[in-house]
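Derivation of every value follows stated rules applied to the coordinates shown; laboratory data play no part. None of these values were measured; they are calculated from a predicted model. Reconstructed Cβ throughout: ideal geometry from the backbone, glycine too, with neighbour counts over all protein chains shown.
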């Protein structure tokens, strides 16, 4: 990328996350914001499970999509936002744990398209267990009414 990223990317990502009602609804918190890397965590909640008691794939997908999207936003200049245009998720293991960690990392930055990869981990007793991976494609958005970083 030829453009200089926003030097205040942490504040911009944090402010945007605070406005995202979906993450608030599922009890997710932004726990790490570095250039190109974002982590979101949330506790297990029974009301977010599917019929077998595992974290629902839709909830897992939403949190990973946000982690990937905010990782992409962190490398954007101040006048740019991002929107997800595609993602693919691999569900690797049932979502069982006391809490969950969703990590998004920019794989390929760009001026119009950004690719981010995400990993979801279940945390309980012992080491964190990888439960899902995602590759997301984000488009860079500029000058659209109602869409800002």
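A simple packing score, the average count of other Cβ atoms within 10 Å per residue, orders the peptides 128-139, 84-95 as 128-139, 84-95, with the highest score first. Angle of helix 9-18 to the longest C-alpha principal axis of the chain, folded into 0 to 90 degrees and rounded to 10: 50°. Entry note, the chain: the mean residue ellipticity at 222 nm calculated from DSSP H runs of n ≥ 4, each adding -39500 (n - 2.57), is -6500 deg cm²/dmol after division by the residues and rounding to the nearest 500.
Which shape class, rounded, prolate or oblate, goes with the stretch 1-82 when its Cα gyration tensor gives a ≥ b ≥ c as root eigenvalues, a/c under 1.5 marks rounded, and past that a/b bigger than b/c marks prolate?
prolate
If you run the Gaussian network model on the chain, springs between alpha carbon atoms under 10 Å, then out of 64, 55, 73 the most flexible one is 55.
Spatially, the stretch 113-131 and the stretch 28-75 are offset by 9 Å when compared through their Cα centroids. With respect to the chain, whose longest principal axis is taken over its alpha-carbon atoms, helix 57-73 is tilted by about 30°.
How big, in percent, is the set of alpha carbon pairs in the chain lying more than 26 Å apart? Let's see the in-between values first.
Numbers: 2449 of 11026 pairs.
Counting every Cα pair in the chain, those more than 26 Å apart make up 22 percent.
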